[in-house]
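Novice: There's a structure below that I have some questions on.
The values are calculated or read from the model by the stated rules, or taken from the named source; none is laboratory data. None of these values were measured; they are calculated from a predicted model. As a convention, Cβ positions derive from the backbone with ideal geometry for all residues, glycine included, and neighbour counts pool all protein chains shown.
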Amino acid sequence: MSTAAEPASYDPKIVESQAQAFWEARRAFEVDERSDKPKYYCLSMLPYPSGALHMGHVRNYTIGDVISRYKRMTGHNVLQPMGWDAFGLPAENAAIKNRTAPAKWTYANIEHMRSQLKSLGYAIDWSREFATCRPEYYVHEQRMFTRLLRKGLAYRKNSVVNWDPVDQTVLANEQVIDGRGWRSGALVEKREIPQWFLRITDYAQELLDGLDNLPGWPDAVKTMQRNWIGRSEGLEIQFNVEGHEPLTVFTTRPDTLMGVTFVSIAGEHPLALKAAAANPALAAFLEELKHGGVSEAELETQEKRGMDTGLRAVHPITGDKVPVWVANFVLMGYGTGAVMAVPGHDQRDFEFATKYALPIQQVIALKSPRNDDEKTYDPTTWRDWYGDKTRDDLELVNSGEFDGLDYRGAFEALAERFERKGQGQRRVNYRLRDWGVSRQRYWGCPIPVIYCDSCGAVPVPDSDLPVVLPENVTLDGVKSPIKADPEWRKTKCPQCGGAAERETDTFDTFMESSWYYARYTSPGAKDMVDKRGNYWLPVDQYIGGIEHAILHLMYFRFYHKLLRDARLVDSDEPATNLLTQGMVIAETFYRDNADGSKDWINPADVDIQRDDKARVVGATLKADGQPVRIGAVEKMSKSKNNGVDPQSMVDKFGADTVRLFSMFAAPPEQSLEWNEAGVEGMARFLRRLWTQVQKHVADGAAPALDVASLTAEQKAVRRKTHETIDKVGNDYGKRHSFNTAIAAVMELSNALGKFDDASPQGRAVRQEALESAVLLLNPITPHASHALWQALGHAETLIEDVAFPQVDAAALVRDSVTLAVQVNGKLRGTIEVAADAPRDQVEALAKAEPNTAKFLEGLAIRKVIVVPGKIVNIVAG
């Protein structure tokens, strides 16, 4: 218990250091599974230890902390853990730049960021902390991978990747900029190399169906996941190719089959390679195609390019011979690497056919054209309806025996025909591809596989795990240290005992972040998770940015199903509720350089002039007093140099003020615009509440509240207190609308500022109101609330263990109500009436209200509408 006298004025440094020392000494937020309270697992996405918190971190973790503290106050056993997503390329880049080892850089950053998080007062169970780069963490990941390998859910195959020939590594699609490696600037090649994969496609349908059982997830996230999984029903159809194996294509539009005028194949397709062997021009074209990225986005936007292979495919119905073209928008990694081209009804094929003067054949027509554009098919101009299968007024034309059929009729007829003749079959296809988990980088979890000339790829035995990544290394920026070290690679085959080599690829860092949530539940467990996992899981509230809606959250859900199928957890989904917080945005400032570029200036280095609505109207550089240009309000980023250092704000205003502003400036799902004037406003509010409590306490202890003896004014203040309790509880617990909760407490504080009643019962009403305000703010401003609760006479009952205030329904009952009075729908005045006043009395008072009476002069009253407790509307004319 704190014994230090509370300061008369609000000093955040003293208040926050005392509260944090108190929590740490009592290990206040450590929890276990022995509680008789209902469990609540609140989790924010773990941070990458970049070296310093940014405002996005502060917002994310404050949202989680508010929810956690509120749930603790409503009687839950709350787990809120923290760890570090510590592997990844940024550490390698920093190590190269700073001439240090990634491990040393990472561990130093963790120390600093941990101290920053603690300075913000988050109610974290630090006993469960881990860093994903530690062997005691990733050993479980390696053990799970060998399980999956033995089950056939992990496999190795050649895959086309973005290859940087200078950095000697695979690049993610976003690391390819204008066809060059983001770091080396080298022209990127499309290269086929062996990669390890997890069979996420085996779970595609379950991942899709499971979205219907997640009502607590945002619809936008579920829509993005559905689109990413991309379930489609279609036909696989064989096209015979003269002198070669048949080509298999998958199409969701078999109704357009009679419109096929060519077939497109990927540059890596075996047929393309065979044709290129005798065609130097084609071989040169295939070589060109090796440069550039492999993302779908790039394929959609790049110039359509192709070349005739000279091969001819046989149309499976007409027997006509159609040319086989290599096209740069077809990839081996998607589908079969071959696409039937219907330029009459597919825009991409239309553009390609138009460029290379290939035939365009109409096979779909509108039964009831709505305008001139729809009456006649124009093979020179694309129309949206050409490719639209969703319309119900389409029919086949120029399709022989299939003429007149609609989409579904043609689908069924063709499916039956091809299945009967053995030329094709119905198939459900998914856009989702198996998860490639190999990376050629050093700073990652080693993949636990050994290569033996006799036995092939052999999983490392569990008894030999973990395969430890050496941390004391030097990076030269080119080759991974474990690839360059023959001694590290050298080992013996666990099956035959012969000479063998270790795998030198490391796991994609999404692997570590896909199961971390489960490890928090079972610290020290011998496996990934033990029986404690079923107590805590699924996560009750998961919090993170919308940018993780697809990849991380898809892998997160997939890995949970792997844990379930390994009988490590019982649940099907990892998180019941998901909150995706908006970005933190801020003003930008710059000066134009002579070369036309912009020199972005940090807001901390600028003196800003604002109007009476806090809008920026002018800005000068502090260093020279000269004007700077005002840019757009954008997401805080290094590129625009508009990030605000949270630590500087904590040092200047205190953690509670920073937390308060982060929650007040916008609802969690919306973007938060950083505004230091707004932060100052929150600081003023906290100081005002502090002063109100201190002045009240200085007048001595308040007597017990006697509800029966309250005056009308005292009842009104007490009613305001309980209305605030009701609203804030709803805002916290149901709506996560923290900004309106704060506004409600501010209104209560303002009401207390006008309540000048020093009588014993007046002081009792004030005591209850101040206690309520302090408790209501506790989830957001825990340090100040901790101190103020003790100042209000509760030195023996800690606020951390106090229940959320309960609404006294009797206090909400009004003796009188204020009604708005309207004349023909326009507000003309207000009246005060008894809450149970009869209708005729309400009407009479409304008509007699002076301003209302003035607007009724000379008019005949037609009717009076009374909405009890709200308005009286007099209709007159």
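Novice: Checking the structure you have, find out if any residue of segment 689-700 is exposed (fewer than 15 other Cβ atoms within 10 Å of the Cβ) and assigned to a loop (DSSP other than H, G, I, E, B).
Specialist: Yes, there is a match, as at least one residue in segment 689-700 is exposed (fewer than 15 other Cβ atoms within 10 Å of the Cβ) and assigned to a loop (DSSP other than H, G, I, E, B).
Novice: Let me ask something else about it. Being under 18 Å from Asp508 (Cβ atoms), among the charged types (D, E, K, R) and within 26 Å of the chain's Cα centre (by Cα) narrows it down to one residue among Arg199, Arg226; which is it?
Specialist: From the options Arg199, Arg226, the qualifying one is Arg199.
Novice: Let me ask you something else. If I go through segment 83-113 residue by residue, how many of them are among the basic types (Lys, Arg), assigned to a helix (DSSP H, G or I) and more than 18 Å from Tyr137 (Cα to Cα)?
Specialist: So the answer is 1.
Novice: Any idea which of Gly185, Gly234 is part of a loop (DSSP other than H, G, I, E, B) and out of contact with any Leu (no Cβ under 7 Å at 6 or more places or on another chain)?
Specialist: Gly185
Novice: Same structure again: Among the residues of segment 630-661 satisfying the criterion of being charged (D, E, K, R) and within 14 Å of Asn602 (Cβ to Cβ), which is surrounded by the most Cβ atoms within 10 Å (Cβ to Cβ)?
Specialist: Per the criteria, the residue is Lys640.
Novice: Restricting attention to segment 75-82, does a residue exist that is in a helix (DSSP H, G or I) and of a type in the set (Val, Ile, Thr)?
Specialist: No: zero hits.
Novice: A further question follows. If we scan segment 449-456, do we find a residue that is in contact with a helix residue (DSSP H, G or I) (Cβ under 7 Å, 6 or more places away or on another chain), within 30 Å of Ala86 (Cα to Cα) and either surrounded by fewer than 21 Cβ atoms within 10 Å (Cβ to Cβ) or not acidic (Asp, Glu) (or both)?
Specialist: Taking every residue of segment 449-456 in turn, none turns out to be in contact with a helix residue (DSSP H, G or I) (Cβ under 7 Å, 6 or more places away or on another chain), within 30 Å of Ala86 (Cα to Cα) and either surrounded by fewer than 21 Cβ atoms within 10 Å (Cβ to Cβ) or not acidic (Asp, Glu) (or both).
Novice: Would you check if there is a residue in segment 154-174 being in a strand (DSSP E or B) and touching a His at 6+ places or on another chain (Cβ under 9 Å)?
Specialist: no
Novice: Would you check if there is a residue in segment 133-142 being farther than 24 Å from Asp656 by Cα, in a helix (DSSP H, G or I), at pLDDT 95 or above and among the aromatic types (Phe, Trp, Tyr)?
Specialist: Within segment 133-142, one or more residues are farther than 24 Å from Asp656 by Cα, in a helix (DSSP H, G or I), at pLDDT 95 or above and among the aromatic types (Phe, Trp, Tyr).
Novice: Looking at segment 462-476, which of its residues are loosely packed, with under 14 Cβ neighbours inside 10 Å and at pLDDT below 95?
Specialist: Selection gives Asn472, Thr474, Asp476.
Novice: Now for a different question. Among what's in segment 430-462 and is among the hydroxyl-bearing types (Ser, Thr, Tyr) and within 15 Å of Cys493 (Cβ to Cβ), pick the residue that is nearest to the chain's Cα centre (by Cα).
Specialist: If we take residues in segment 430-462 being among the hydroxyl-bearing types (Ser, Thr, Tyr) and within 15 Å of Cys493 (Cβ to Cβ), then Tyr451 is nearest to the chain's Cα centre (by Cα).
Novice: Residue by residue through segment 429-454, note down the ones that are of a type outside the set (A, V, I, L, M) and assigned to a loop (DSSP other than H, G, I, E, B).
Specialist: Scanning segment 429-454 gives Arg431, Arg433, Asp434, Gln440, Arg441, Tyr442, Trp443, Gly444, Cys445, Pro448, Asp453, Ser454.
Novice: While we're looking at this one, here's another question. Please specify each residue of segment 817-844 satisfying the condition of being part of a helix (DSSP H, G or I) and either within 26 Å of Lys720 (Cα to Cα) or in contact with a helix residue (DSSP H, G or I) (Cβ under 9 Å, 6 or more places away or on another chain) (or both).
Specialist: Val842
Novice: Assess whether Ile193 counts as being out of contact with any Asp or Glu (no Cβ under 9 Å at 6 or more places or on another chain), part of a strand (DSSP E or B) and surrounded by 16 or more Cβ atoms within 10 Å (Cβ to Cβ).
Specialist: no
Novice: Right, here's the next one. Which numbered condition trips up Leu79, out of (1) crowded, with 22+ Cβ neighbours inside 10 Å; (2) touching a helix residue (DSSP H, G or I) at 6+ places or on another chain (Cβ under 8 Å); (3) within 26 Å of Trp674 (Cβ to Cβ)?
Specialist: Answer for Leu79: the failing condition is (3).
Novice: So, restricting to helices (runs of 4 or more DSSP H) that lie completely within segment 275-389, which ones have at least 2 residues that are at pLDDT 95 or above and under 25 Å from Asn158 (Cα atoms)?
Specialist: Correct list: 280-289.
Novice: What are the residues in segment 157-173 that are under 20 Å from Leu469 (Cβ atoms) and surrounded by fewer than 18 Cβ atoms within 10 Å (Cβ to Cβ), if any?
Specialist: Result: Gln168, single match.
Novice: Here is a further query. Is it the case that Ala677 is touching a Lys or Arg at 6+ places or on another chain (Cβ under 9 Å) and part of a helix (DSSP H, G or I)?
Specialist: Yes.
Novice: Restricting the first residue to segment 455-481 and requiring it to be in a helix (DSSP H, G or I), which pairs with a second residue that is of a type in the set (Phe, Trp, Tyr) and surrounded by 20 or more Cβ atoms within 10 Å (Cβ to Cβ) meet a Cβ separation below 6 Å and a spacing of at least six or different chains?
Specialist: Pro481/Tyr442
For (1) surrounded by fewer than 22 Cβ atoms within 10 Å (Cβ to Cβ); (2) modelled with pLDDT under 95; (3) of a type in the set (Phe, Trp, Tyr), each residue gets a yes or a no:
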| residue | (1), (2), (3) |
| --- | --- |
| Trp515 | no, no, yes |
| Thr521 | no, no, no |
| Met528 | no, no, no |
| Glu547 | yes, yes, no |
| Ile550 | yes, yes, no |
| Leu553 | no, no, no |
| Tyr559 | no, no, yes |
| Arg567 | yes, no, no |
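Novice: Check segment 204-216 and report whether any residue there is among the small types (Gly, Ala, Ser), under 30 Å from Ala413 (Cα atoms) and either out of contact with any strand residue (DSSP E or B) (no Cβ under 7 Å at 6 or more places or on another chain) or modelled with pLDDT of 95 or more (or both).
Specialist: Yes; the residues of segment 204-216 include at least one that is among the small types (Gly, Ala, Ser), under 30 Å from Ala413 (Cα atoms) and either out of contact with any strand residue (DSSP E or B) (no Cβ under 7 Å at 6 or more places or on another chain) or modelled with pLDDT of 95 or more (or both).
Novice: Need pairs with beta-carbon distance below 9 Å; first residue over 24 Å from Phe250 (Cα atoms) and within segment 214-235, second in a helix (DSSP H, G or I) and among the β-branched types (Val, Ile, Thr); sequence gap 6+ or separate chains.
Specialist: Leu214/Val221; Pro218/Ile546; Ala220/Ile546; Val221/Ile546
Novice: From the list Glu129, Glu136, Glu111, Glu192, which one is in contact with a strand residue (DSSP E or B) (Cβ under 7 Å, 6 or more places away or on another chain), of a type in the set (D, E, K, R) and farther than 15 Å from Arg441 by Cβ?
Specialist: Every option except Glu192 fails the conditions.
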